[in-house]
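> Take a look at the following structure, please.
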Amino acid sequence: MPADTSTTLRSPTPDISSTTQLEDMATHTIACRADNFVRWHLGRPFYAVWIVEADTAEMRAHISALRRHLGDWLLPDYRRQPHITLAVCGFPQAHATDTHSYTQADFQRDIACLQNASPGLLKLNTGLADSFTTAAYLGLKGDIDTLHAMRTALRATETQPYVPHITAGFYRQRLAMTDVQQQLGALALPEIPLEITEITLAVYASAEIAGHLLPVCRYSLEDGSLQVLQSRYLPWRMPGGV
C-alpha cells in the first residue's frame with residue numbers, strides 16, 4: 001500500500017462508488033487494517049519513497065504523546081520512524097511491469113530533477129496535531145513551498161493534494177471527525193524546529209502497513225552529493241553501496 005498520505009489506506013484501490021461515500025469519508029475516519037495487500041504488491045517485497053528523516057528523540061517523544069492521547073483509536077504497533085513523505089516512487093524493479101514500478105531510469109530522473117531544483121537548506125517547525133481520514137499527524141510550517149516545489153519536480157504529474165506532515169498512526173475504527181478534531185485540539189505540544197539539509201530514498205516492506213523505513217541513499221540539498229547506504233534493496237547497482 002502507498003506510503004503515508006491523505007489517501008485511503010484500507011486498500012491500494014479503494015472502492016468508492018458514490019458521492020455519499022465520498023461525503024462519509026470526509027466526516028468520519030476510515031478504519032484501517034493490518035493486511036498483506038498482496039493484490040497490490042504482487043509479491044514485490046519493497047516499496048520506495050523519498051522522505052525527509054525526522055527521527056530524533058524529541059520527535060519520537062511528541063509522536064508517542066500524540067499516540068497516547070488518542071489511545072485505542074489508533075492501530076497498535078506503528079513502527080515507522082518519524083518522517084515527512086516527499087514523494088512516493090513505486091516498487092524497485094529492474095524493468096517496469098506496470099505504473100507502480102520504480103526503475104533505475106526513474107531513479108536517475110529523480111536525481112536529475114533534484115539537481116535542477118537545488119533547494120539548499122530548508123527550515124521547518126512542527127505545528128498542531130491534525131488528522132486525515134486515515135491517520136493522525138503533526139502538521140508542519142515554514143519552508144512548505146520548497147517541499148511542494150521538490151515534490152512537483154519529482155512527481156510532476158501527480159494530482160493528489162499534498163499536505164506535508166509527520167504521521168503518528170493509522171485509525172483502527174470509524175470515528176466522527178468532529179470528535180477526533182476535538183480530541184486533537186486538547187493536545188498542546190511545543191514546536192520542534194527542523195533544519196533539513198538532505199532527503200532520503202527509503203524502502204519499506206510492502207506487506208506491512210506500518211513497518212520500519214530502510215534508508216537506501218541520502219541526497220544532499222546543499223551540494224547535490226549522493227551517499228549510498230543500503231543498495232541491496234534495489235535491483236540495480238549503485239557505486240559505493242552495500
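Every number in this text was worked out from the coordinates using simple rules, so none of it is lab data. Here the structure is a predicted model, which means the values were calculated and not measured. Using ideal geometry, Cβ is built from the backbone for each residue, glycine included, and neighbour counts are taken over all protein chains shown.
> Suppose every Lys and Arg Cβ carries +1 and every Asp and Glu Cβ carries -1, with no other charges. What dipole size does the chain come out with about its Cα centre, to the nearest 20 debye?
On the way: 19 positive and 24 negative charges, 113 e Å.
That gives a dipole near 540 debye.
> To continue, here is another question. Rg and Dmax in Å for the range 93-242, alpha carbons only: what are they?
Over the range 93-242's Cα set, Rg and Dmax evaluate to 17.6, 51 Å.
> Relative to the Cα centre, what is the charge dipole magnitude of the range 49-105, using +1 at the beta carbon of each Lys and Arg, -1 at the beta carbon of each Asp and Glu, and rounding to the nearest 20 debye?
Details: 5 positive and 6 negative charges, 29 e Å.
Using Cβ point charges on Lys, Arg, Asp and Glu, the range 49-105 gives about 140 debye.
> Further question: What 222 nm value per residue comes from the helices of the chain, counting each DSSP H run with n ≥ 4 as -39,500 (n - 2.57) and dividing by all residues, nearest 500 deg cm²/dmol? Walk me through the intermediate numbers first.
Values: 6 runs with 61 residues, N = 242.
Theoretical 222 nm ellipticity from helices: -7500 deg cm²/dmol.
> Continuing with this model, one more query. Quick one: net charge around PRO215, please, counting Lys, Arg +1 and Asp, Glu -1 for every other residue with C-beta under 13 Å from its C-beta. If you can, show how the numbers build up before the last one.
On the way: positive: ARG80, ARG218, ARG232; negative: GLU53, ASP55, GLU198.
The answer is 0.
> Summing Lys, Arg as +1 and Asp, Glu as -1, what charge do residues with Cβ under 14 Å from the Cβ of PRO76 carry, PRO76 excluded? Walk me through the intermediate numbers first.
Numbers: positive: ARG33, ARG67, ARG68, ARG79, ARG80, ARG172; negative: ASP72, ASP77, GLU208.
Overall, the nearby charge balance is +3.
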